[in-house]
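The values are calculated or read from the model by the stated rules, or taken from the named source; none is laboratory data. This structure is a prediction, so every number in the text was calculated from the model and none was measured. Cβ atoms come from the backbone with ideal geometry, glycine included; neighbour counts cover every protein chain shown. Surface areas here come from the heavy atoms of the whole protein model, side chains and all, with no ligands, DNA or RNA. Shrake-Rupley method; radii C 1.70, N 1.55, O 1.52, S 1.80 Å.
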Amino acid sequence: TLGTQTDYRDGEAQTDPYSPEYVVPSGSVPELLTLASLTWGRGLPAGLAEVEMIERAREKRAWEATLPAMDNASQIAKRRKMMDDMERKEWAFREQEIEKLQEIRLEVLKKLLQRREENQNELDAKRLDDHWQNCQKAKEEKIKKIQHDCALMLRKLIAKRKNVMGKLEKRDIIKEYTDFASQTYAPMSRIGYFPDNHSERYVVKNFYLNTFAGLCELEASLPDSVTQVKIKAPKPKYTTTKTGFIKRSARLEVELAQVHQALLEKKNKVKEPKKPLCFLENIEKPVPRPPTPILEKPSIEEEETELAVICLQKLLRGRAIQNMMFEGKEKRLELIRELRTTHALQEDGQLLLKAEEQMTLALQQQRDLQMHKLSSVENHLAREEGRILVNIFDFLSKELVRLQEERKIHAFVMLAERQRRMWEAEESGRRQVEERQRQEEDEIFKQAREGDWQDCGHTIDSYLEDIILSSMENTAEEQAREEIQRMAVEINDIAYEMESRRTRLQSEEIVAELVYDFLIPEAEKMSVREKVRQSQRKHISAAHQIIHRGIE
């Protein structure tokens, strides 16, 4: 009874294009049939990739047409070479396709990573905003508390400044009772007054309310009109006057009742379902589709090439499936034989099968034993090699540590020898100075004695004194040499014992002390000498200039 109108055409509503039936004449292979594998949504409508595939198929068919016949051995070798070259080209093309797919996947992965990073940045920004808002709230609460404390302290300071001099003021009772915020009406608990204490004294205690006798007396004192209620029947309301007109109040009541009833009906009204439209509805036209790309009609050679490629693909796929079936047959050959032998009825065949099975089991056990022996031998060899390598590495590491310790000890010995030589040089210099001074004193003493004893000459006392002095010097020198040798032996023993007990950390400490005690002071001395030399050079150069100027 109703008609519908549409602005769409059949092609827009169609899901799969129509493919009519066709008949192939005998002896002809149309190139169009090579595209029978392409369907709508899977290759159709054809794009750039499909066009390239068709071009490659045509080239393949043209190449197959140029293949030499398999008549003699030379043609077969040439054909095999051409097929190998074509196979290399196909593999190179396949590698290019794989690289393109990998690049596309890489781009998609980059976009996904970028999107994930953007989402993560948004999430981090949101978290930072939330954290900032929480910090702002905490800051505002702190500021409010500080302001509250500030106001409280200001009030306290103002209250203290009211009586800075500490004068006693007389109590103004009238002012306290006129001010309802004073201590009289609202005492503060910090002063020592707690209003909740002794609150029972504010409870009203009445004889007439707390006792039964009081209640009876109160009831007897009340008049009868209070205890005995008189009920009068209500008079009906007259909505009309004596003349027959309706009163204004009655009309208002009727109107109010109607309005109330309408409101209730509207409130309790059930919504009716929407009725379907019975008129034409304006349908907006969709956005026009882009024009369909038109491809040029391929040539017959390209179609033949495509057919040749499809035929070769079929052959390759069939050969691949055949190889897979052959490999599966080879893998399950024993199972196939077992299935075949289960249907054997002859006893001789079963005995032969049992003998073969036993032989197979024996060979398998022998092989397992041989493999176990080989594995055990390899394990022993590996263990021995590991033990030898561990010993070698241990010896080398110990030798390295020993060489390092020897070098350190040699360095310490050289430093100690250098220090000893320096001390001996200083001591020998000091001894030479002392001997020179003693010789000078002896010479002075001799000359003085010679002045006193000119007439007597050399007496026995001077001779004895000389002998005693020389013997004392010789004895002191021998004792000093023995003491030095004994101390050197003790120091060497202590040094050897310390060397045997010393650790790496102690060695480093000794080296550091030697560096800080000898090298750094010597460098400082050299720097100080250089500074002194520089400063003296300035003065000397100034003096030279003054002298030369005066000479001129």
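Can you work out the accessible area per residue across the stretch 300-343, with the rest of the protein chains kept in place, probe 1.4 Å, in square angstrom? Before the final figure, lay out each step's value.
Values: 3860 Å² over 44 residues.
Per-residue value: 88 Å².
Taking only DSSP H segments of four or more residues, each worth -39500 (n - 2.57), what value at 222 nm results for the chain once the sum is divided by all its residues, to the nearest 500 deg cm²/dmol? Working shown, then result.
Numbers: 14 runs with 389 residues, N = 552.
One gets -25500 deg cm²/dmol as the mean residue ellipticity at 222 nm.
Using the Kirkwood formula over every pair of different C-alpha atoms, what hydrodynamic radius in Å results for the stretch 300-343?
Values: mean 1/r = 0.0778 Å⁻¹.
About 12.9 Å for the stretch 300-343.
On alpha-carbon atoms, Rg over Rh for the chain using Kirkwood Rh? Before the final figure, lay out the partial values.
On the way: Rg = 63.4 Å, Rh = 49.1 Å.
The Rg/Rh ratio comes out at 1.29.
Is there a pair in K331/K354; K60/K297; K60/K81; K111/K137; K60/K331; K81/K314 whose C-alpha atoms are over 27 Å apart, and which pairs would that be? List each step's numbers first, then the result.
Working: K331/K354 22 Å; K60/K297 18 Å; K60/K81 16 Å; K111/K137 38 Å; K60/K331 36 Å; K81/K314 21 Å.
The pairs that break the limit, which is 27 Å between Cα atoms, are K111/K137; K60/K331.
Stokes-Einstein diffusion coefficient for the stretch 49-165 at 4 °C in a medium of 1.567 mPa s, Rh from the Kirkwood formula over Cα pairs: what value in µm²/s? Provide the component values of the computation, followed by the final result.
Values: Rh = 23.0 Å.
In µm²/s, the coefficient rounds to 56.
Would you calculate the convex hull of the Cα atoms in the stretch 367-414 and tell me its volume per residue in Å³? Intermediate results must be reported in sequence, preceding the final value.
Details: hull volume 1.3 nm³, N = 48.
Cα-based convex hull of the stretch 367-414, divided per residue, equals 27 Å³.
What percentages make up the Cα-Cα pair-distance distribution of the stretch 12-90 when the bins are 10 Å wide from 0?
Percent of pairs per bin, in order: 13, 31, 30, 17, 6, 2, 0.
How large a share of the accessible area of the chain, in percent, is made up of carbon and sulfur atoms when the probe is 1.4 Å and the other protein chains stay in place? Working shown, then result.
Values: 30620 of 52460 Å².
Ligands and nucleic acids excluded, carbon and sulfur reach 58 percent.
Calculate I(q)/I(0) for the stretch 162-265 by the Debye formula, one identical point scatterer on each C-alpha and no solvent, and give its log10 at q = 0.10, 0.11 Å⁻¹ to two decimals.
Once normalised to I(0) and log-transformed, intensities are -0.77, -0.78.
In the chain, which longest range has no trypsin sites (Lys or Arg not before Pro) that are both DSSP loop (not H, G, I, E or B) and surrounded by at most 10 other Cβ atoms within 10 Å? Present the calculation step by step, with values, prior to reporting the outcome.
Working: sites that count: R9, K162, K167, K170, R171, K205, K230, K232, K237, K242, K269, K271, K274.
By the stated rule (loop sites, at most 10 other Cβ atoms within 10 Å), 275-552.
So what does E357 come to for accessible area, using a 1.4 Å probe and Å² rounded to 10?
110 Å²
If I ignore ligands, DNA and RNA and count only protein heavy atoms, how much of I546 is accessible to a 1.4 Å probe, in Å² to the nearest 10?
110 Å²
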